[in-house]
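Contents: one structure, followed by commentary.
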2 protein chains.
Amino acid sequence: MSHMVYGCLMAVDRDHVLRSAAALLTRKSTATMDEVAKAAGISRATLHRHFAGRDALVLALEALGIAECEAALDRARLDEDPARDAVRRLVREIEPAAGLLAFLYTENQLFEGEGQNEGWARIDDRIAALFRRGQAAGEFRIDLTPAWLTEALYGLLASGAWAVSEGRVAGKDFTHMIAELLLGGAVRREES
Amino acid sequence: MSHMVYGCLMAVDRDHVLRSAAALLTRKSTATMDEVAKAAGISRATLHRHFAGRDALVLALEALGIAECEAALDRARLDEDPARDAVRRLVREIEPAAGLLAFLYTENQLFEGEGQNEGWARIDDRIAALFRRGQAAGEFRIDLTPAWLTEALYGLLASGAWAVSEGRVAGKDFTHMIAELLLGGAVRREES
DNA sequence: CCGTGTTGAGACAAAGATGTCTCACATGGT
DNA sequence: ACCATGTGAGACATCTTTGTCTCAACACGG
């Protein structure tokens with residue numbers, strides 16, 4: 001029975017193709033199927049054997065992004081005190097997926113009317129819940145809504161990923177820059 | 001000589017078309033020339049009479065964005081103390097252009113290699129100088145680089161514009177949300 | 001009323017991307 | 001050596017967008 005073997009190899013290849021596509025589309029969101037194929041080191045025909053079309057590819061990338069996000073949320077242990085440390089863990093864990101997130105974040109601006117994957121709603125809720133918990137504990141200010149803080153996190157992840165990929169900021173500072181700006185802002189404060 | 005008259009009318013029309021295009025492309029960055037024309041209430045032929053092609057339109061939008069940005073920078077009086085108030089003024093003044101900025105910001109991710117308009121470099125410098133001034137005055141923390149704070153401002157403007165256009169946050173909170181997050185962050189602080 | 005000049009509608013070809021197909025080739029197991 | 005399966009290269013039709021063109025309709029000043 002070679003089906004199992006082939007199935008396994010296909011899965012590996014599929015994952016590799018998916019990650020190549022993510023890396024490319026992060027930099028050039030309008031890349032053609034031909035460019036995606038070349039970036040993955042395969043032909044356009046083989047790319048079409050893995051993903052029926054561009055839509056299917058983007059859908060698969062969205063599923064990958066959601067999966068990586070939820071895995072990062074799990075690893076970040078958002079329920080443990082204090083909330084600001086949970087935010088720092090979250091940014092650290094989600095960093096590897098920031099580029100993909102940036103692509104999907106802007107891509108989603110196009111889906112205007114069409115309903116978007118419910119996975120995002122679940123992720124939004126979990127992140128917003130973290131901010132809400134921090135507010136309830138008196139740790140976070142209450143004039144910035146959890147929804148906005150969640151949105152701002154996405155925006156900062158996206159601009160951070162772009163800034164790093166274009167060399168405007170150092171990659172090693174990514175986590176610190178985003179987490180500390182989101183938590184403490186630009187203004188210097190007396191207490192640590 | 002009707003040339004003067006027609007020239008004047010053309011200019012008005014051109015500006016109107018430009019702003020319609022900005023409003024549309026802010027929401028749907030892949031809109032076709034046909035959609036842009038319809039949004040402006042003119043035919044595709046007339047759109048082509050104003051702008052040679054899509055590239056020319058985007059170039060014109062970029063010039064408009066740069067002009068509005070610089071005008072906002074001027075109105076914000078970035079040199080006046082204290083720096084945090086200058087940041088608040090900046091966000092308030094730049095808000096009307098946030099949608100256009102978001103479009104151009106993501107659009108520029110595609111211009112990878114090609115050199116981008118030097119107008120952006122000038123704007124980047126002016127904003128970074130504001131943050132640098134705040135740091136020199138001991139007002140802003142020094143572990144967040146001016147370049148990153150500038151980038152973060154763009155990211156927050158973009159995510160703010162999208163969040164408002166999709167109803168995830170209230171439009172009237174736009175300025176406060178962005179400025180206060182950028183300045184003070186999410187963590188509650190004792191001193192005002 | 002008559003030109004001048006602009007507009008809108010549509011036809012048209014060119015270019016680019018997509019999806020499908022065929023065929024030759026390589027690889028790996030039997 | 002043989003066969004099966006996946007792959008790459010390329011041909012092909014189709015679709016969308018673009019850019020250019022023509023022509024009739026319209027407005028407006030003389």
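Between A:GLY138, A:GLY99, which is facing another protein chain (nearest Cβ under 10 Å) and not hydrophobic (A, V, I, L, M, F, W, C)? Spell out the reasoning first.
Working: A:GLY99 fails: facing another protein chain (nearest Cβ under 10 Å).
Only one candidate qualifies: A:GLY138.
A:ALA161 versus (1) of a type outside the set (Asp, Glu); (2) in contact with a Ser or Thr (Cβ under 8 Å, 6 or more places away or on another chain); (3) more than 9 Å from chain B (Cβ to nearest Cβ); (4) without any contact (Cβ under 8 Å) to a residue 40 or more places away in the chain: which is the lone unmet condition?
Here A:ALA161 meets the rest and fails (4).
Hey, A:HIS176 hits all of (1) touching a helix residue (DSSP H, G or I) at 6+ places or on another chain (Cβ under 7 Å); (2) closer than 19 Å to B:TYR154 by Cα; (3) within 9 Å of chain B (Cβ to nearest Cβ) but one; which does it fall short on?
A:HIS176 satisfies every listed condition except (1).
So, of the residues in the stretch A:27-53 that are touching an Asp or Glu at 6+ places or on another chain (Cβ under 8 Å) and within 14 Å of another protein chain (Cβ to nearest Cβ), which turns out to be farthest from DNA strand C (Cβ to nearest atom)?
A:ARG27
Out of the stretch A:144-171, which residues are modelled with pLDDT of 95 or more and among the charged types (D, E, K, R)?
A:GLU151
Kindly check whether there is at least one residue in the stretch A:114-127 that is facing chain B (nearest Cβ under 9 Å) and in contact (Cβ under 8 Å) with a residue 40 or more places away in the chain.
No, the stretch A:114-127 contains no residue that is facing chain B (nearest Cβ under 9 Å) and in contact (Cβ under 8 Å) with a residue 40 or more places away in the chain.
Can you name the number of the only condition in (1) at positive phi; (2) of a type outside the set (Asp, Glu); (3) under 19 Å from the mean Cα position of the chain (by Cα) that B:GLY138 fails?
Status for B:GLY138: all satisfied but (3).
Out of the stretch A:141-168, which residues are more than 18 Å from the chain's Cα centre (by Cα) and either polar (S, T, N, Q) or open to solvent by less than 10 Å² (accessible area, probe 1.4 Å) (or both)?
Result: A:LEU144, A:THR145.
Give B:ARG49, B:ARG84, B:ARG75 a once-over and let me know the one that is touching a residue at least 40 places away in the same chain (Cβ under 8 Å) and either open to solvent by 30 Å² or more (accessible area, probe 1.4 Å) or outside the structural domain of B:LEU149 (by TED's automatic domain parsing) (or both). Lay out the reasoning, then the answer.
On the way: B:ARG49 fails: touching a residue at least 40 places away in the same chain (Cβ under 8 Å); B:ARG75 fails: touching a residue at least 40 places away in the same chain (Cβ under 8 Å).
Criteria check complete, one pass: B:ARG84.
Let me confirm something: among B:LEU90, B:LEU59, which residue is buried (at least 19 other Cβ atoms within 10 Å of the Cβ) and away from DNA strand C (no atom under 16 Å from the Cβ)? Please lay out each step first, then the result.
Values: B:LEU59 fails: buried (at least 19 other Cβ atoms within 10 Å of the Cβ).
Just one listed residue meets the conditions, B:LEU90.
Does B:GLY171 satisfy the criteria of being closer than 22 Å to B:LEU25 by Cβ, in the same structural domain as B:ASP81 (by TED's automatic domain parsing) and surrounded by fewer than 18 Cβ atoms within 10 Å (Cβ to Cβ)? Steps first, please.
On the way: closer than 22 Å to B:LEU25 by Cβ: yes; in the same structural domain as B:ASP81 (by TED's automatic domain parsing): yes; surrounded by fewer than 18 Cβ atoms within 10 Å (Cβ to Cβ): yes.
In short, yes.
Find the helices (runs of 4 or more DSSP H) located wholly in the stretch A:77-192 whose residues include 1 or more that are closer than 15 Å to B:LEU181 by Cα and of a type in the set (Asp, Glu), and list them. Talk me through it step by step, then tell me what you get.
Working: elements: A:83-94, A:98-107, A:118-136, A:146-165, A:174-184.
Result: A:146-165, A:174-184.
Looking at A:GLU68, A:GLU95, A:GLU118, which is the one that is under 23 Å from B:LYS28 (Cα atoms), away from DNA strand C (no atom under 16 Å from the Cβ), open to solvent by 10 Å² or more (accessible area, probe 1.4 Å) and among the acidic types (Asp, Glu)? So that I can check it myself, show each step before the final result.
Working: A:GLU68 fails: under 23 Å from B:LYS28 (Cα atoms); A:GLU95 fails: under 23 Å from B:LYS28 (Cα atoms).
It is A:GLU118.
Are there any helices (runs of 4 or more DSSP H) wholly within the stretch B:1-72 with 1 or more residues that are more than 14 Å from DNA strand D (Cβ to nearest atom) and modelled with pLDDT of 90 or more, and if so which? Explain how you work it out, then say what you get.
Details: elements: B:3-27, B:33-40, B:44-50.
Once the helices (runs of 4 or more DSSP H) in the stretch B:1-72 are filtered for at least 1 residues that are more than 14 Å from DNA strand D (Cβ to nearest atom) and modelled with pLDDT of 90 or more, what remains is B:3-27.
The values are calculated or read from the model by the stated rules, or taken from the named source; none is laboratory data. Owing to the predicted nature of the structure, the values given are computational and were not obtained by experimental measurement. Glycine gets a Cβ as well: all are built from the backbone with ideal geometry, and neighbour counts include every protein chain shown. For the accessible areas, the whole protein counts, side chains as well, though only heavy atoms, and no ligand, DNA or RNA atoms are used. Shrake-Rupley method; radii C 1.70, N 1.55, O 1.52, S 1.80 Å.
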